[in-house]
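Any read-out appearing in this document is the output of simple, stated calculations on the displayed coordinates, not a laboratory observation. Not measured: the values here are computed from a predicted model. Quick reminder, even Gly has a Cβ in these numbers, built from the backbone with ideal geometry, and neighbours come from all protein chains shown.
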Amino acid sequence: MDFSYRLTGKGWAEARIADDDSWAILTASYLSDALGDLLEAIGVLLEGAPEARCSWEEEPGEYRWIFRRSGHDVHLTVLAFPDQLARQPDEQGRLVFRTIQPLRVIALVIADGAAAVLNEYDEDRYNEEWVEAPFPAARLAMVRQRLAAL
């Protein structure tokens with residue numbers, strides 16, 4: 001599995017997520033703390049929650065990340081919605097990406113992808129580019145700590 005995240009302009013980001021069978025490019029705007037919310041969802045899973053979710057807001061639109069645990073594995077589904085203002089049920093979303101991976105694998109690739117962003121931009125430059133939210137250093141550290149405890 002692979003995950004990369006990059007800033008593409010003031011308040012805009014793009015991620016690529018892939019497994020052996022498929023891949024997707026997802027975008028996010030400053031309307032949500034996309035990377036921070038994703039790391040928070042991973043942290044919740046690492047705490048033992050059976051499900052975690054986050055949304056990446058666009059203008060307009062939404063990518064909804066849904067993580068569901070099944071033993072040591074996680075079923076990840078990413079759905080696209082044309083409008084983020086009208087909160088639609090999952091069933092109305094368009095499937096963009098789906099995979100089943102061990103929790104440790106998903107958590108590690110997302111943490112590594114976030115760390116790569118920090119290596120490329122440093123916190124000050126990230127804050128200038130992302131605009132609305134600082135780099136989620138505390139959330140990344142929390143994910144790393146929980147991964148080490150597995």
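Mind listing P(r) for the range 1-46? All alpha-carbon pairs, 5 Å bins, whole percents.
Result returned by the calculation: 6, 20, 25, 24, 18, 6, 1.
How high is the relative contact order of the chain, in percent, with contacts defined as C-alpha pairs under 8 Å that are six or more residues apart? Numbers along the way, then the final one.
Details: 276 pairs, mean separation 37.1, N = 150.
With pairs under 8 Å counted, the relative contact order is 25 percent.
Evaluate the charge dipole of the chain about its Cα centre and quote only its size in Debye, nearest 20, assuming +1 on the Cβ of each Lys and Arg and -1 on the Cβ of each Asp and Glu. Could you put the intermediate results ahead of the total?
Numbers: 15 positive and 26 negative charges, 97 e Å.
Here the size comes out at about 460 debye.
For the ranges 128-140, 36-48, 14-26, what's the packing order if you count other beta-carbon atoms within 10 Å of each residue, average per peptide, and put the highest first?
Numbers: 128-140: 17.2, 36-48: 20.3, 14-26: 14.8.
Most protected by this proxy first, the peptides run 36-48, 128-140, 14-26.
Direction-averaged shadow area of the convex hull around the Cα atoms of the chain, nm²?
Details: hull surface 33.1 nm².
Reported value for the Cα convex hull: 8.3 nm².
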